[in-house]
1. Indicate the helices, whole DSSP H runs only, in the chain that combine a mean Kyte-Doolittle hydropathy of -1.0 or more with a Cα extent along their long axis of 27 angstrom or more.
2. Tell me, how many Å apart are the Cα centres for segment 35-88 and for segment 123-198?
3. Would you mind calculating the gained length between GLN150 and ILE245 on full extension (0.36 nm times residue separation, minus the Cα-Cα distance), in nm to one decimal?
4. Can you give the local net charge around SER77? Use residues other than it whose beta-carbon is closer than 10 angstrom to its beta-carbon, Lys and Arg +1, Asp and Glu -1.
5. With Cβ to Cβ distances under 11 Å as the rule, what net charge do the other residues near GLU115 carry (K, R +1; D, E -1)?
6. Provide, for q = 0.10, 0.17 Å⁻¹, the log10 of I(q)/I(0) from a solvent-free Debye sum over equal Cα point scatterers in the chain.
7. Label points 7 Å out from Cα along the Cβ direction at GLU171 and ILE185: separation in nm?
8. So how do HIS98, HIS252, HIS179 line up by other beta-carbon neighbours within 10 Å, fewest first?
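Any read-out appearing in this document is the output of simple, stated calculations on the displayed coordinates, not a laboratory observation. This is a predicted model, so every value here is computed, not measured. Note that we place each Cβ from the backbone using ideal geometry, even for glycine, and neighbour counts take in every protein chain shown.
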Amino acid sequence: MSYFDRSYLVFSLLFVASLCVLEAGARIAARTRVNEDEHHYEQVSGLRDSLLVLLSLLVGFTFAMAISHFELRRQLSIDEANAIGTACLRAETLADPHRFDLSSVLRQYLDARLEFARTEFGSPEEAASLRLTRKLQDAVWGQTAVIARQDRSAVFGLFMQSVNEAIDLAEKRTAAREHRIPGVIWILVSVIALLASFTTGYGLKRRFWFPAVMMPLMFAAAVALIADLDSPTQGLIRTSSSSMIRLQQDLHK
């Protein structure tokens with residue numbers, strides 16, 4: 001599990017670190033009296049404004065990446081539920097005993113995929129869920145291959161297509177969990193945020209608590225929100241499994 005899977009830790013650490021760095025900048029400025037020189041003050045103010053603009057752009061860019069990852073996971077969850085549901089419906093068109101056997105295995109497969117959605121990213125439970133998924137995929141495909149030697153009809157071809165799509169989507173969902181914002185981007189955002197905080201403190205002619213607190217608070221909250229969106233299984237904002245839950249309820253009636 002990544003440190004950035006815990007958005008509350010991201011918020012707390014970045015907020016406290018930004019406050020400390022801002023206070024350090026203010027103390028250094030007060031000791032050196034750099035802001036008493038108007039020329040130096042203008043240079044520090046220009047640097048501060050440039051860093052804040054750069055930080056805003058980086059946060060916006062990173063937020064867009066996190067949103068795209070979240071939307072991809074959400075859409076793949078819906079697509080997989082539809083693919084499994086279609087496979088279950090088309091399995092009902094097969095002859096006995098294959099119809100009963102495949103319908104039973106597909107229901108187990110749906111339960112396994114729903115359990116996968118509930119497991120924590122990178123946990124032993126996730127690894128066990130993936131092993132069960134592969135085992136059930138082999139069972140479904142093994143029975144499908146047996147039927148394929150006897151049945152070459154268009155109806156069975158459609159069933160094979162839906163099974164293949166469901167298996168492909170399982171791998172896509174696993175890959176979507178692993179597709180995260182690169183660590184180098186997190187490092188860059190954190191460093192620029194700390195530099196902006198230091199420069200803000202360094203450019204204060206007179207201390208005032210409100211801007212000194214609000215700027216670190218604002219950027220810490222924004223970065224924590226991005227971390228929450230980018231986390232596949234942790235945080236307040238999570239990918240809904242409502243489509244699979246509805247399908248599970250329908251199949252187990």
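1. Working: long enough: 7-32 (37 Å, 1.38); 38-91 (79 Å, 0.38); 98-118 (30 Å, -0.45); 124-148 (36 Å, -0.09); 154-178 (37 Å, 0.05); 183-202 (28 Å, 1.90); 209-230 (32 Å, 1.60).
Those that clear 27 Å and a mean of -1.0 are 7-32, 38-91, 98-118, 124-148, 154-178, 183-202, 209-230.
2. Centre-to-centre distance over Cα atoms comes out at 25 Å.
3. On the way: separation 95, 0.36 × 95 = 34.20 nm, distance 3.44 nm.
Length gained between GLN150 and ILE245: 30.8 nm.
4. Values: positive: ARG73, ARG74, ARG113, ARG173; negative: ASP79, GLU80.
Net charge in that neighbourhood comes out at +2.
5. Surrounding charge for GLU115 is -1.
6. One equal scatterer on each Cα of the chain leads to -0.62, -1.14.
7. In this crude label model, GLU171 to ILE185 measures out at 2.5 nm.
8. HIS252, HIS179, HIS98
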